[in-house]
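Q: Just passing along the structure, written as structure tokens.
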Amino acid sequence: DLTVTRNTIKLLGDRVSNGVHEANLQFRVDNRGNDAADASSYKVVVRNPFDGNREIVVAAGDIPAIGQGSTKTITALNVTDVLQESYPELMGRGLQFEVIVDSDNIIVESNEDNNAASRVFNIPHLDPDLTVTRNTIKLLGDRVSNGVHEANLQFRVDNRGND
């Protein structure tokens, strides 16, 4: 009987680096059954609140065989990549990440109702924040030539946002 519980789901490495949100999802799979469980699979999904809660698969992988009364800790890598690339409107929200173990339903279990658990994590919105500071503005080549005033304006633009 493979189980996953809400309190074992963690978002790791939750940070923005070079305009990319980086995060891995870690969870624990317990075998509470009276026999060893063969290798199986998992998937991590996010429900799209703008599309009838349609399931967006953000990670999937293998769960190794787990002995009776044993546990395995699984880390799903880069769980926000799909969201950033295909669903940017979901960034900046609290999203429900659902972990489903034995997602292909190949393990015969005494209780199939404890194969999924979910947890909400706030995912940052990636926004640029362009700024120009007064001390970086310079007037260059300020001159009059053939009755025309010529000048170039030089300034520095900084992106203080996270994208």
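Q: Treating only the Cβ atoms of Lys and Arg (+1) and Asp and Glu (-1) as charged, compute the dipole magnitude of the chain about its Cα centre; round to the nearest 20 debye.
A: Once rounded to the nearest 20, the dipole reads 900 debye.
Q: Please work out the FRET efficiency for the pair Glu89 and Arg156, using the Cβ-Cβ distance as r and a Förster radius of 22 Å; give the result to the nearest 0.05.
A: It comes out at approximately 0.10.
Q: Provide Leu77, Leu11, Leu153, Leu25 in ascending order of the number of other Cβ atoms located within 10 Å of each residue's Cβ, fewest first.
A: With the sparsest Cβ surroundings first, the list reads Leu153, Leu77, Leu11, Leu25.
Rule-based calculations on the coordinates, nothing more; no lab input. On a predicted model such as this, the values are computed, not experimentally measured, just so you know. FYI the Cβ positions are ideal-geometry reconstructions off the backbone, even for glycines, and counts take in every protein chain you see.
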